[in-house]
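One structure below.
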Amino acid sequence: MSAKTYKRFNDSEDSMAVFQDCLTTFNESPVNPNKCRKLLSKLYRLIINSVSYEPIFKPQEATSLFFSISKLFQHQDNDSLRQMVYLVIKELSSMSDDILMATASIMKDIQSQDSIIKPNAIRSLVRVLDSSTALTAERLLKSSIISSNNDISSAALVSAYHLLEISEPTSKRLINETVETIDSKKSNGKLPIKLPASDLNSEEFEKLQYYSAHNTHMSQYHSLALASSLKKNDEMGLLKLIKQCDPTTVDNPFARMEILRLCHRLVLKNSSKIDIILPYLDWSLNGSSTNNFIVLEGCKIIFNLKLRDMYPAAIDRLSYLINDRAISSKFAAVRLVSDYCHLLTPELANSIAADIEVLVNNENKSVSSYAISTLLKIGNSDNIESLVNGLKGSGMSDDFKIILIDSLAGLINRFPKVIVDFLLDGLKSHEGSNLLKNKIVDCLSILFENDSMNNTLDETFKINILESLCDFIEDCEYTDVLARVIYLLGEYGSKISIDSSVFVRHIYNRINLENSIIRAAAVTALAKFPNITEPLLKNIAKNDLDDEVRDRAVICVSTLNHQNDNLIPSVDPNNLIHSDRYLRILELRMNKYSEKNDFSNFDIPAEYEIDIKEIEADQDMKANLESNHLDEFTNEADESSQSADDGNINPSDSILEAKIRHKYTDLTESVLNEVTKSKKLTDSTSEFLISCQRFIFELNDNTEEILAFKIENTMDFPVQNIKILDDDNIIENIEPQEKVELLVKADNVVLENDKYWSLSFEVDDFEEIFEFNAL
Amino acid sequence: MGQLFSSMFDKLFNINKDFRILILGLDGAGKTSILYRLQIGDIITTKPTIGFNVETINYKNIKLNVWDLGGQTSIRPYWRCYYTNTQGIIFVIDSTDTERLNIASTELRTMLQEEELKDACLLVLCNKQDLQTAQSIDKINEALQLYDLKDRNWSILGCSAKTGDGITEGLDWLIDVVKENNVE
Amino acid sequence: MESNNPLSLYTISSFVILNDKGRRVFNKYYTNPFIKYQHYEKSKETSNTQASEDLSLNKKKQVEYEKSVFKKIKEQHISHNKDIELLVLDTKTIIYQKVNDLYFVMQSNSSSQNTNEILLQAVFEGIIKSLDLLLDGSVDFATIIDNYDLLALVVDEAIDDGIVLQFDESCIVNRITLMTEDEGQINLNNIAEKGFKSAWGFAKNRFSL
């Protein structure tokens, strides 16, 4: 390597040197265009490759650079320099101030005849504007969008798309021109107009016209995306856009992909519109000029929308994609099959499996992993074993192992031996993320659970697994995985008929060596082996440093003494699906309990279903509190604010109804006819704030009315034995500021010609009467 | 062909350098109109310049880089960025804008104090003389107090970008002074 | 700016070229230009801006990404392989190719489910083929450094801040101006003729198959 190349390779230019160089060179007059362009590319490289966390040029320096570069605009008729100028200006525009100074120069370029530079100018213009000046670009963007030159049109469309971020109104004004562009076929720019044609002979010149680039019509893509973004909330408008897209005119592959995606989205929102998408799906799979990425999109949609009739056609096309040379086709196709193979009939699945098998040996790890995972899902017993064995030591990344294990989870009950081998390997390996190991434990849990229901596995096999798990817990770095495995050992080890002391020993070792979370899990596990572990647990209950661990040990010991298995609820941490609801109720109840600051016995009442509704409604009300600025209580008491008007049932009403039905069982058959709005019966300065709602039930022409009173104690001492005369229902105690509900049969209260109702209460055993307005 | 001759002439007269001229003034004074009057010889419709316009003008076999900088208040602070290597300044005044004459004067003063412009000559063009309400050159001169200027080659003329009057005369003067100052 | 909107034009997250030691030769991390500018404005006000999650605004994350993608490529790449390859990193699809002593790496913007990998490959190929045409087949570190302007322009004409502008190499190349061969004064006739003839020269070679 010569000294020159060595220096070039190890070029660590001083950024200040380049900076100075730029300032001098660009201010020269006349300017040397090649020198400038070379210097500009040096500057560009410096800026983008800098790895320092601060930008390589401070705002001031960047601004100076920006200004000196803007002076290069004086040199006309030099497209090669101008193109580079635009490139660097765009880069500097996000690190300099006062970039609007370039606006006039850029706009001039846009208005010029030169079509090579126009697209660059348009794209740069948008980067020197801000939300206040965005509108000035509108006219230029409009005329550029309708240009017959594809590059110019695309540049404007793309710029308008960026503008959506800061000034959607500006882009909105371009909607008509945008929509026009969707099905227009614009040609790319030709070579420089200043071309001296006389220098070429006519044959060369003609050939040149022919070779002048393919016309890809990218502006169709850009305009369709912009239009659909501008009309995103206008379903009719979007439908019109789609109708405008005729496959013969809209031939840009990216645009066709957007059409498919747009149809897909519309159908997802409104499944009756399925008809619009069918013709497009058809030409995406079968059209003669169709493109691989369109085929992929079409297949994706077919499976996503579960269009069964088209599955065979889709599978057929996917087969072609799998056999395509391009790696992305293979990958995308096999991934699609993997995601949706559960929808396929066995024939289809097997037909595609043949193609996928070839991919198992593909050099690309991503592709081969997906191939294996898909074949596993399709689940042929012939190849499962060889597949899984082939996976060992294949050096697959964690991401793919996780995908694989997900597929294996569905198969583990059918092919336990083979899969367990693989899983235990993965568990034992020193590599592997937390998620991976958790997934492995998931699979093992599924296996054991299924076995505990169906008794499918033989003892030796289970013992082997458990013993492997014992080894595993000796050396595992993830606390949560360790805890789960300890649980498995406890739960299933205790059910093994042979001597289980080996399991106990391993678990107990953890007690001595690990952190408190593990110790707590170990305690619970040990409790499953009561005969052996009682003295151990007693020891732990006394001596362990951590509260949780001691608490658990104490509970276990005390339940052991009671010799009653049912007292230790077997809430299986590995199987939260069943107990999810229970946990939720528990959580809500506990929150409410702790809010009250009352340390009376915590319990979950039998009517906890009603409870949960009330608590949830409570939380909803509280969430609305800030926006309504109304107390829950006064919200209901205020007649005008009830939301029952829109025909929807007020949630608190349905809760009350449930409570009423629970209390008055004779109403089971009755139908709730009417619920009145809650009405305040006292003024705000009274000792009790009372409001009332009437619930009118009907059964076979008999009506029954229940009054739901809400009572709040505004005094600063508690009151006892509250009841509304002459009903029998009593509330034992109302604390100061507390609100309670009281359900009362209207018959008991409403007396003829009574304008007042009474509430009786006791304070320190003295009875008092409080009168309030009747309904 | 024209370029061939011009390069010959350049060599004959030993003038290879481009001369740099700035056109400054308040917004709406007519700077852009004057620039394009010089370049294409006709009046064009202009919009407020956000930034600058620069054109290369061949005038009597001299190559001029003429920079027309936007005059809006927010843009005036950036004039300084363009002062380097400037041989001449054309300061354009809207002769009908009596209200802002003092602002124009202040801007002019500030500019003339810049170190980088100490060798630049100054041509003040009182534009829009074709209009009825245009003030006379003398009045404007008084307001600007140009006679106070020391160590500066200056001149003040009236003109109209619309009709074209006075523009070339002004430029003639400017070119002569610039050439004198720069022949070495 | 990650986009999970399948209709979004922002399909490309980044395009990076690394040398055989994993150091950056070229890099572009894409996001909406106004977001970039707003970030710049914020960084001027407070010196201690919270680091953004967005790769395009956070140098540290860029370097981390380059390290991890290079590592992954090295792990799974078979040395003689000159084809376009694919891998998945952090749910995003990455298309890469080893060309002589350079690694070209393109990252998609949306997560794997929304990406159309075949499309990604089409754009990727377009860029590489364009470079191939312009550099007369020698796409390697030394040539790239010497023709950095062409590289920068090619990528710029293909992708505009994450939006695919053009994927066909003949279209991309058609937009690239070349430097004049003369140093010194501009001569109108020269530049048009020479620039055009260079284009014509390789067009003759490449397109007349």
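The values are calculated or read from the model by the stated rules, or taken from the named source; none is laboratory data. The shown structure was predicted, so the numbers you read here are calculated from the model rather than taken from an experiment. Cβ coordinates were reconstructed from backbone atoms using ideal geometry, including for glycine residues, and neighbour counts include every protein chain displayed.
Could you list all residues from the range A:245-260 that are within 16 Å of residue C:7 (Cβ to Cβ) and in contact with an Asp or Glu (Cβ under 7 Å, 6 or more places away or on another chain)?
In the first step, residues of the range A:245-260 are kept if they are within 16 Å of residue C:7 (Cβ to Cβ); the result is A:245, A:250, A:252-260.
If the condition is that a residue be within 16 Å of residue C:7 (Cβ to Cβ) and in contact with an Asp or Glu (Cβ under 7 Å, 6 or more places away or on another chain), then A:245, A:250, A:257, A:260 are the ones that fit.
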Among the residues listed as A:175, A:122, the single one being surrounded by 24 or more Cβ atoms within 10 Å (Cβ to Cβ) and at pLDDT 85 or above: A:122
Qualifying positions in the range B:92-108 - surrounded by 22 or more Cβ atoms within 10 Å (Cβ to Cβ) and not in a helix (DSSP H, G or I): B:92, B:93, B:94, B:95
Count of the range A:138-149 residues which are in a helix (DSSP H, G or I) and either surrounded by fewer than 24 Cβ atoms within 10 Å (Cβ to Cβ) or of a type outside the set (Ser, Thr, Tyr) (or both): 7
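Condition check ((1) under 18 Å from residue A:413 (Cα atoms); (2) at pLDDT 85 or above; (3) within 14 Å of chain C (Cβ to nearest Cβ); (4) touching a helix residue (DSSP H, G or I) at 6+ places or on another chain (Cβ under 9 Å)) across all residues:
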{"position": "A:338", "(1), (2), (3), (4)": "no, yes, yes, yes"}
{"position": "A:356", "(1), (2), (3), (4)": "no, yes, no, yes"}
{"position": "A:366", "(1), (2), (3), (4)": "no, no, yes, yes"}
{"position": "A:382", "(1), (2), (3), (4)": "yes, no, no, no"}
{"position": "A:390", "(1), (2), (3), (4)": "no, no, no, yes"}
{"position": "A:394", "(1), (2), (3), (4)": "no, no, yes, yes"}
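Please go through the range B:9-27 and pick out each residue that is at pLDDT 50 or above and surrounded by fewer than 16 Cβ atoms within 10 Å (Cβ to Cβ).
First, the residues of the range B:9-27 that are at pLDDT 50 or above: B:16-27.
Result: B:16, B:17.
Can you go through C:21, C:28, C:59 and tell me which one is at the interface with chain A (Cβ under 8 Å from one of its Cβ atoms) and modelled with pLDDT of 90 or more?
On the way: C:21 fails: at the interface with chain A (Cβ under 8 Å from one of its Cβ atoms); C:59 fails: modelled with pLDDT of 90 or more.
When all the criteria are applied, what remains is C:28.
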Test: residue in the range A:508-521 that is without any contact (Cβ under 8 Å) to a residue 24 or more places away in the chain, of a type in the set (D, E, K, R) and surrounded by fewer than 20 Cβ atoms within 10 Å (Cβ to Cβ): no
Single condition residue A:570 does not satisfy, out of (1) at pLDDT below 75; (2) in the same structural domain as residue A:480 (by TED's automatic domain parsing); (3) not in a helix (DSSP H, G or I): (2)
Residue match in the range C:77-94 (condition: surrounded by 20 or more Cβ atoms within 10 Å (Cβ to Cβ), more than 8 Å from chain A (Cβ to nearest Cβ) and over 16 Å from residue A:335 (Cα atoms)): no
Unmet criterion (only one of (1) within 14 Å of chain B (Cβ to nearest Cβ); (2) among the aliphatic types (A, V, I, L, M); (3) outside any helix (DSSP H, G or I)) for residue A:56: (1)
Enumeration of residues in the range A:23-53 that are aliphatic (A, V, I, L, M), within 9 Å of another protein chain (Cβ to nearest Cβ) and over 30 Å from residue B:57 (Cα atoms): A:48, A:51
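Go through the range A:59-76 and report how many residues are more than 12 Å from chain C (Cβ to nearest Cβ) and in contact with a Leu (Cβ under 8 Å, 6 or more places away or on another chain).
Here is the first cut: in the range A:59-76, the ones more than 12 Å from chain C (Cβ to nearest Cβ) are A:61, A:64-74.
Next, from what is left, pick out any that are in contact with a Leu (Cβ under 8 Å, 6 or more places away or on another chain): A:64-66, A:68-69, A:72.
Count: 6.
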Residue under evaluation residue A:674, criteria (1) out of contact with any helix residue (DSSP H, G or I) (no Cβ under 9 Å at 6 or more places or on another chain); (2) under 23 Å from residue A:596 (Cβ atoms), criterion not met: (2)
Filter result for residue A:79 (farther than 23 Å from residue C:17 by Cα, within 14 Å of chain B (Cβ to nearest Cβ) and at pLDDT below 85): no
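Between A:152, A:166, which is out of contact with any strand residue (DSSP E or B) (no Cβ under 8 Å at 6 or more places or on another chain), buried (at least 24 other Cβ atoms within 10 Å of the Cβ) and either within 12 Å of chain C (Cβ to nearest Cβ) or part of a helix (DSSP H, G or I) (or both)?
A:152
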Where a residue in the range B:42-56 is in contact (Cβ under 8 Å) with a residue 40 or more places away in the chain and its partner, wherever it lies, is of a type in the set (D, E, K, R), with Cβ under 9 Å and at least six apart: B:43/B:37; B:43/B:162
Matching residues in the range A:178-191 - criterion: being surrounded by fewer than 18 Cβ atoms within 10 Å (Cβ to Cβ), more than 12 Å from chain C (Cβ to nearest Cβ) and outside any loop (DSSP other than H, G, I, E, B): A:180
Conditions (1) buried (at least 17 other Cβ atoms within 10 Å of the Cβ); (2) more than 9 Å from every other protein chain (Cβ to nearest Cβ); (3) in contact (Cβ under 8 Å) with a residue 40 or more places away in the chain: number failed by residue C:9: (2)
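What do you reckon, is residue C:150 modelled with pLDDT of 85 or more, under 16 Å from residue A:117 (Cα atoms), within 13 Å of the chain's Cα centre (by Cα) and more than 7 Å from chain A (Cβ to nearest Cβ)? So that I can check it myself, show each step before the final result.
Values: modelled with pLDDT of 85 or more: yes; under 16 Å from residue A:117 (Cα atoms): yes; within 13 Å of the chain's Cα centre (by Cα): yes; more than 7 Å from chain A (Cβ to nearest Cβ): yes.
Considered against the rule, which asks whether it is modelled with pLDDT of 85 or more, under 16 Å from residue A:117 (Cα atoms), within 13 Å of the chain's Cα centre (by Cα) and more than 7 Å from chain A (Cβ to nearest Cβ), residue C:150 comes out as yes.
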Residue C:117 being buried (at least 23 other Cβ atoms within 10 Å of the Cβ), more than 30 Å from residue A:122 (Cβ to Cβ) and either at pLDDT below 90 or more than 15 Å from the chain's Cα centre (by Cα) (or both): yes
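Give the residue, chosen from A:456, A:460, that is surrounded by fewer than 20 Cβ atoms within 10 Å (Cβ to Cβ) and outside any helix (DSSP H, G or I).
Working: A:460 fails: outside any helix (DSSP H, G or I).
Unique residue meeting the criteria: A:456.
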The range B:60-86, subset closer than 14 Å to residue B:28 by Cα and at the interface with another protein chain (Cβ under 8 Å from one of its Cβ atoms), residue modelled with the highest pLDDT: B:70
